[in-house]
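K.L.:
Starting off with a structure, shown below.
We did not get these values from a lab; they are worked out from the coordinates using the rules stated. Quick caveat: nothing in here was measured; it's all calculated off a predicted structure. Cβ coordinates were reconstructed from backbone atoms using ideal geometry, including for glycine residues, and neighbour counts include every protein chain displayed.
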Amino acid sequence: MDAEACLPAQALAPRFAPWILMYHSVADETEDPYLLTVSPERFAEQMDWLYRSGRRGVSVRELLAAQARGRESKLVGLTFDDGYADFARHAVPVLRDHGFTATAYVLPDLLGACNHWDSEGPRKQLLTARQVTELAEAGWEIGSHGLGHRALAGLSPEELERQTRESRRALEDLVAGPVSGFCYPYGAVDLPAARAVRDAGYDYACAIDHSSLTGRHALPRSYVGDRDGAWRLRAKHGRHHWREAVTGLRWAPPRSAAGARP
């Protein structure tokens, strides 16, 4: 049985995934082998384009709440993976200037550490526990990126539960509030991972690609890099909706392991 057949009936309702942009680091770097860094100047230009085009950047939590009310047409989800410290230093001031919000996905086991998983890239400082707390208190959405940036696809049920439940518990203790969003490290997701995230109590999860697993717990996103000016962002917006129309994919939570077979 394929993955789509494992989705509940409401997955076939005519509702498409909203447009969500995927960022990582906002900084000035001379080396960027993984193409994950956007310069502060380019980032400001990208946010200016969203603002001038009548759009507003919001957290995924706010985006999905607006969609539930049928009011998401001019909203764009802004996400920042890995919890880099430059989110607070370079991204937050620009977002505030435009009246935007965003979601930062962080790694509770690596707060205050660096991106050791990027073996060929520059060392980047990650947000500290204090910074995460301050961001949450200021209204920014904090989501989980797993415990320590380990890909979830292919992990054992026990390790999936640890990565999803323990990371959520640790972050909720840190921010003294609910953590409802998850983001898959490397964008790697399979059906067991999506089920584990849903069963851990997350309201939604972000992946990357449009695929047969597209759902509320595997939301597709558009990658944004330093080369993306206004016309490239416009093209990515069009491609997002084209993929939705061509594939006919709808989004909804995967069924629990007890309610479906892979």
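K.L.:
About its Cα centre, what dipole magnitude does the stretch 15-78 give when the only charges are +1 on Lys and Arg Cβ and -1 on Asp and Glu Cβ, stated in debye to the nearest 20?
P.N.:
So the magnitude is around 780 debye.
K.L.:
So if I place +1 on the C-beta of Lys and Arg and -1 on the C-beta of Asp and Glu, and nothing else carries charge, what would the dipole magnitude of the stretch 56-185 be about its Cα centre? I want it in debye, nearest 20.
P.N.:
420
K.L.:
I would also like to ask the following. Return the Rg/Rh ratio of the chain with Cα-based radii and a Kirkwood Rh.
P.N.:
0.94
K.L.:
Please give the charge dipole size of the chain, origin at the Cα centre, charges +1 on K and R Cβ atoms and -1 on D and E Cβ atoms. Round to the nearest 20 debye.
P.N.:
1100
K.L.:
Let me check against my output: what whole-number percent is the relative contact order of the chain, with C-alpha pairs under 8 Å and at least 6 apart?
P.N.:
In percent, rounded to a whole number, it is 24.
K.L.:
Let me know the volume per residue of the alpha-carbon convex hull for the stretch 75-170, in Å³.
P.N.:
Hull volume normalised by residue count: 117 Å³.
K.L.:
Which loop-located trypsin sites (Lys or Arg not before Pro) does the stretch 121-180 contain, where loop means any DSSP state but H, G, I, E or B and the Cβ has at most 15 other Cβ atoms within 10 Å?
P.N.:
Sparse-neighbourhood loop trypsin sites (Lys or Arg not before Pro): Arg123.
K.L.:
Putting +1 on Lys and Arg Cβ atoms and -1 on Asp and Glu Cβ atoms, find which of Leu35, Ala200, Gly83 reaches farthest to the positive end of the dipole of the chain.
P.N.:
Ala200
K.L.:
Of Ile208, Ile142, how do they rank once you tally other Cβ atoms within 10 Å and put the fewest first?
P.N.:
Final ranking by Cβ density, sparse to dense: Ile208, Ile142.
K.L.:
For Pro33, what charge total do you get from the other residues with a beta carbon under 14 Å from its beta carbon, if Lys and Arg give +1 and Asp and Glu give -1?
P.N.:
Here the charged neighbours net out to -4.
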